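Notes follow once the structure below has been shown.
Throughout, read-outs are computed from the coordinates displayed, never taken from laboratory work. Computed from a prediction, not measured in an experiment: that's the story for all the values here. Glycine also receives a Cβ, built like all others from the backbone with ideal geometry; neighbour counts cover every protein chain displayed.
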Amino acid sequence: MQELTTPLTSTNTVTASKPASAILSLRNLSVGFGQNGKSVRAVEDLSFDLAMNKTLAIVGESGSGKSITSLALLGLVHHLGGSVLNGSALFNSRVLGREVDLNSLSEKELRKIRGDEISMIFQEPMTSLNPVYTIGTQISETLMLHRGVSAAEARRLTKDYLDLVRLPDALRLLDAYPHQLSGGMRQRAMIAMALSCQPKILIADEPTTALDVTIQAQILHIIRELQAELGTAVIFISHDMSVVSEMADDVLVMKSGRMVEQGSVEKVLLNPEQEYTQALLAAVPQIGSMKGQSKPKFFMVPGLSEGTTNPSSGPQADHNTKAPLLETKGLTKRFDIRKGLFSRITHRVHAAEQVSLQLYPGETLALVGESGSGKSTVGKTIQQLIEPTSGEVHFDGQSIFKLPKLARQRFRREIQYIFQDPYGSLNPRLTVGQSIMEPALTHGIATSKVEAENMVGALLEKVGLQPEHAQRYPHEFSGGQRQRICIARALICDPKVIIADESVSALDVSVQAQVLNLMMQLQQERALSYLFITHDMAVVERVAHRVAVMYLGQLVEIGSRQQVFENPQHDYTKRLLDAVPHMDPSRGPGRFKPPLEGEIPSPMRAVGNEPAINKLEQIAPGHFVSQSDFIPS
Amino acid sequence: MANEHSQIEGQVKRSSFRQFEFVAGLMLCGTIGMLALISPLLFPDGGQSVNLLARLMPPLQSSEYPLGADPLGRDILTRIIVGGRVSFTVGILSALGAVTLGTVIGLFAGYYRGFADALLMRFADIQLALPFILLAITIIAIFGPGLDRIIILMIVSQWVQYARLVRGSVLSLREREFVQAARSYGLANSKIIFRHILPNALGPLIILMTLNVANNILLESSLTFLGLGVDPRVASWGGMLAEGRNYAQSAWWVTVFPGLAIMMTVLGLNMLGDWLRDNLDPLGRTRL
């Protein structure tokens with residue numbers, strides 16, 4: 001491990017030499033895109049060694065070149081229009097029987113190595129399995145190709161590997177199609193496929209980013225266990241420092257294609273040398289860091305807007321004094337599933353069942369839960385994007401859905417919605433200015449074009465952009481800037497409530513911290529109320545005044561942030577908090593604890609099979625907990 | 001990674017080829033269209049004067065017949081210019097009519113879904129199942145032949161393609177977050193449809209339309225050939241192709257020149273269509 005703790009400088013000689021303990025040795029790798037690879041340098045002069053049985057984490061924000069590096073190792077960059085300009089990747093190949101430079105191998109030789117000695121797991125388990133073949137066929141294919149075994153033998157081995165990744169009922173799954181499996185199960189099947197030829201190196205490119213936290217914990221656990229069993233070296237690519245902290249032996253931090261810092265996980269995460277690493281780590285919300293504080297807190301990030309004088313005090317909420325601004329009473333939404341010849345309703349998705357919550361002026365209420373918990377359904381119903389099946393939504397004492405359609409329009413002004421995907425929520429054919437002013441023109445807040453343009457300019461400045469940006473199109477902005485634009489659009493109607501639906505989930509950590517700071521600052525200035533819908537417990541701990549936890553369409557716990565985080569009562573809340581990865585490498589190799597098994601059950605139920613309604617009981621002032629038992633399926 | 005990729009895409013955009021495409025397309029279509037437009041002034045006889053002495057005269061033999069003469073001794077160049085009137089009118093008006101009707105139906109069916117959608121799409125299926133020639137014979141038999149009836153016939157038979165195409169785009173666009181966002185701040189449905197959905201569904205529409213213009217020019221000739229089209233004496237490119245068919249081996253010029261005229265028009269329209277599509281898209285993407 002000596003060679004990993006001493007970072008290799010870029011001035012190293014190009015003549016490649018591979019330390020004996022290293023299984024893979026990368027030297028001075030450069031990858032370019034565009035004509036002759038000259039337009040964009042995606043990776044510049046990168047070197048590292050990967051040791052047997054160790055995990056090297058490559059971390060960085062989007063565009064840092066971390067994924068391109070892994071694709072370059074497999075000789076796959078030219079599929080994306082890039083080319084390896086320089087560098088060597090020495091690897092002891094068992095198949096070819098010699099030490100080879102992966103960058104100078106022929107396509108035919110590379111094909112022998114890919115999937116056999118070096119294999120890869122991708123981010124999206126939904127799209128990396130072919131939907132028209134069964135799981136068994138897809139895994140057997142790899143085995144038959146690389147091991148030359150018979151179909152029957154391959155099938156037997158496949159079953160063994162599915163058992164290995166702890167998939168229950170492996171025999172049945174052999175003949176299942178990808179859509180019949182949940183996301184977590186699909187990712188396990190992907191891991192089984194990647195491991196089926198017992199590779200020396202496993203490249204995992206953001207393998208858990210698309211998964212829920214409890215499932216993420218399970219997948220990470222499996223990767224760790226299998227690594228120990230099979231002695232595979234893992235290159236773990238991630239943007240999530242907490243996940244890296246739980247997984248890695250060594251960490252390599254990248255920025256804009258270049259290596260920033262490299263070293264053991266303890267060294268890089270606990271005593272980072274480079275400013276960039278320090279800033280990156282400061283932006284990561286760490287669960288447990290807010291113990292004993294009742295108010296939300298700003299992030300300490302460079303590039304904080306000038307207006308904030310006291311960065312450590314967050315926005316304040318004064319509840320108890322006022323009536324709730326927004327209140328749902330027994331909100332229920334069921335989606336009908338029709339099947340058969342006469343489109344009869346056979347099943348219903350119970351997306352939200354008897355949800356009653358209150359949002360007070362000036363506070364942030366976080367609505368948390370995993371996929372299928374119904375948290376977005378609640379938000380969209382309040383925004384009138386969905387009609388509720390039953391129940392009421394009160395705003396300022398008025399019941400929205402009891403009013404005639406025309407009178408409801410007012411609430412689309414008072415309540416604004418910010419979506420998850422900053423790339424998808426702006427019309428690519430409209431300029432940013434046109435997009436921002438549209439709500440104002442719709443509600444007659446701006447009567448003339450000039451007035452609207454002035455408002456847009458002022459708002460763009462407010463969210464940290466320039467008024468001239470109004471003329472540009474969305475694709476000219478980065479993800480974080482786009483989300484600022486969406487915030488500006490939400491603010492133009494001067495709303496009282498903003499529903500933020502996973503609004504920062506798609507952003508890089510440092511950008512996420514800045515956008516959250518902006519939101520908290522705006523809350524302070526305008527006494528905004530936020531309904532903050534998210535799955536990220538660490539972010540919630542930082543920004544929320546109160547927290548509501550949803551599970552299978554029902555509230556299971558609601559209370560102040562301190563009550564829920566420091567004294568969680570419901571089993572599901574506890575499980576959710578346990579599953580959040582902690583950024584604490586000092587806990588050592590024994591820092592992992594096996595996660596709870598089990599999938600998140602589906603909220604779909606047969607007609608007539610109604611779920612039992614949870615009764616919430618008050619256990620402390622403002623802290624309500626469901627008394628139902630939590631049974632993981 | 002996706003970021004880097006789109007950056008590169010952006011850098012390669014709007015190459016000089018696009019500019020060339022626009023100029024070339026405009027020149028081709030402009031010249032042919034202008035000539036067709038002013039042809040009654042240039043050739044008051046409408047290219048109908050017969051000279052049996054010049055029958056099937058090859059091109060470049062006489063200054064009077066630069067592109068040769070047809071089996072009745074009519075000047076081919078004159079007839080191509082005059083014939084452009086019919087072909088252009090039929091090709092472009094029918095495509096424009098069909099695209100308008102189909103787009104409106106597709107937009108509303110796709111956006112509102114439900115019963116109206118189901119009804120309109122079943123109607124479209126019936127329309128697709130009807131053979132074109134059968135429809136043509138029926139309509140012409142009832143209303144008699146004529147240019148306007150041919151155009152209406154083509155609109156009736158082709159709106160379905162556009163409606164299907166647009167409906168498909170709308171179904172995916174209406175779930176996009178910018179449409180959801182527009183709904184969330186209370187924009188009226190009609191504005192969402194025309195401001196947010198239609199511009200994003202235009203690309204494939206323009207391509208289909210330029211392809212259909214060419215198709216319709218040829219379709220007009222088939223109808224004329226079957227006696228269901230315009231008066232056979234009136235010059236049209238399709239009609240000329242049909243007439244020259246019997247002489248294709250002995251007198252190639254009778255068919256090749258009108259064929260070239262159709263090809264040039266289609267090429268020009270495709271270039272203009274490509275240019276238009278890329279310019280309507282602020283990303284300026286060059287798609288295949």
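Each other residue within a Cβ distance under 12 Å of A:Q227 adds +1 if Lys or Arg and -1 if Asp or Glu, for a net charge of 0.
Multiply the residue gap between A:H79 and A:S448 by 0.36 nm, knock off their C-alpha separation, and tell me the result in nm, one decimal place.
Numbers: separation 369, 0.36 × 369 = 132.84 nm, distance 5.00 nm.
Extra length available between A:H79 and A:S448 comes to 127.8 nm.
If a spin label sat at a point 7 angstrom from the Cα of B:D231 along the line to its beta carbon, the backbone N atoms of the range B:57-100 nearer than 15 Å would be those of B:83, B:86. Each residue, B:L35 and A:H582, gets one label point 7 Å from its Cα in the Cβ direction; the gap between the two is 8.3 nm. The convex hull defined by the C-alpha atoms of the range A:24-283 has an orientation-averaged projected area of 13.7 nm². Across the range B:27-33, rounded Karplus estimates of 3J(HN,Hα) from the backbone phi angles (6.51 cos²θ - 1.76 cosθ + 1.60, θ = phi - 60°) give 5, 4, 5, x, 4, 4, x Hz, Gly and Pro being marked x. Each Lys or Arg adds one and each Asp or Glu takes one away; over the other residues whose Cβ falls under 11 Å from the Cβ of A:G424, this sums to -1. Annotation: extensible slack from A:Q293 through A:Q398 equals 34.4 nm (criterion: 0.36 nm per residue apart, minus Cα-Cα distance). If a/c stays under 1.5 just call it rounded; otherwise compare a/b with b/c (prolate if a/b is bigger, oblate if not). Do that for chain B, with a ≥ b ≥ c from the square roots of the Cα gyration tensor eigenvalues. Because a/c hits 1.5 or more and a/b fails to exceed b/c, chain B counts as oblate. Starting from the Cα gyration tensor of the protein assembly as shown, take the square roots of the eigenvalues, sort them a ≥ b ≥ c, and report rounded, prolate or oblate (rounded when a/c is under 1.5, otherwise prolate if a/b is larger than b/c, else oblate). Prolate, since a/c reaches 1.5 and a/b exceeds b/c.
Distance cut-off 21 Å, Cα to Cα: go down the list A:K66/A:K108; A:K333/A:K405; A:K333/B:K191 and report the pairs above it. Kindly include the intermediate steps, with their values, before the conclusion.
Working: A:K66/A:K108 25 Å; A:K333/A:K405 19 Å; A:K333/B:K191 28 Å.
Exceeds cut-off: A:K66/A:K108; A:K333/B:K191.
Does anything in the range A:418-441 have its amide N under 16 Å from the 7 Å Cα→Cβ label point of A:Q466, and if so which residues? Output list for this probe position: A:432-433. Across peptide A:416-422, the mean count of Cβ atoms from other chains lying within 10 Å of each residue's own Cβ comes to 3. Taking every alpha-carbon pair under 8 Å whose residues sit at least 6 apart, the range A:24-283 reaches a relative contact order of 26 percent. Projecting the Cα atoms of A:S376, A:S626, A:Q481 onto the dipole axis of chain A, where Lys and Arg carry +1 and Asp and Glu carry -1 at the beta carbon, places A:S376 farthest toward the positive end. Among A:H469, A:H545, A:H78, the order by Cβ neighbours within 10 angstrom, fewest to most, reads A:H78, A:H469, A:H545. All other residues whose Cβ lies under 13 angstrom from that of B:G83 are scored, Lys and Arg at +1 and Asp and Glu at -1, for a net of -1. In this simple spin-label approximation, A:R408 and B:V50 carry label points 7 Å from Cα along the Cα→Cβ vector, and these lie 7.3 nm apart. For the range A:470-549, the square roots a ≥ b ≥ c of the C-alpha gyration tensor eigenvalues yield an a/c of 1.5 or more together with a/b not exceeding b/c, which makes the shape oblate. For the pair B:V104 and B:N189, a Förster radius of 22 Å applied to the C-beta separation gives a FRET efficiency near 0.95, rounded to the nearest 0.05.
Within the straight-line cut-off of under 15 Å between alpha carbons, the aspartates and glutamates reachable from A:K267 are A:E3, A:E246, A:D249, A:D250, A:E275, A:D584, sequence neighbours fewer than 8 places apart in one chain being disregarded.
Tell me the relative contact order for chain B as a rounded percent, counting alpha carbon contacts under 8 Å between residues six or more apart. All intermediate terms of the calculation are to be shown ahead of the outcome.
Details: 376 pairs, mean separation 76.4, N = 288.
Worked out over chain B, it gives 27 percent.
Does anyone have the angle between helix B:147-173 and the longest principal axis of chain B? Alpha-carbon axes, 0 to 90°, nearest 10? The helix B:147-173 is inclined about 30 degrees to chain B.
Which is the longest part of chain A that has none of the GluC sites (Glu not before Pro) sitting in a DSSP loop with at most 15 other Cβ atoms within 10 Å?
On the way: sites that count: A:E273, A:E306, A:E597.
In short, A:307-596.
Scalar couplings 3J(HN,Hα) for the range B:119-135, obtained by applying the Karplus form with A = 6.51, B = -1.76, C = 1.60 to θ = phi - 60°, are 4, 4, 6, 5, 4, 4, 4, 4, 4, 5, 6, 6, x, 4, 5, 4, 4 Hz; x denotes Gly and Pro. Computed from Cα atoms, the angle from the helix A:509-526 axis to the main principal axis of chain A rounds to 10 degrees. As a length-normalised measure over Cα pairs under 8 Å and 6 or more apart, the relative contact order of chain A settles at 14 percent.
The amide H of A:T55, built 1.01 Å from its N in the peptide plane, has A:V234, A:D249, A:D250 as neighbours under 5 Å, considering only residues 5 or more places off or on other chains. The angle between the Cα long axis of helix A:183-195 and the main principal axis of chain A comes to about 10°, on a 0 to 90 degree scale.
Give, rounded to the nearest 20 debye, the magnitude of the charge dipole that the range B:111-202 has about its Cα centre when Lys and Arg contribute +1 at Cβ and Asp and Glu contribute -1 at Cβ.
Working: 10 positive and 5 negative charges, 55 e Å.
For the range B:111-202, the charge dipole is close to 260 debye.
Extending 7 Å from the Cα toward the beta-carbon at both A:F342 and A:L145 defines two label points whose distance is 4.9 nm.
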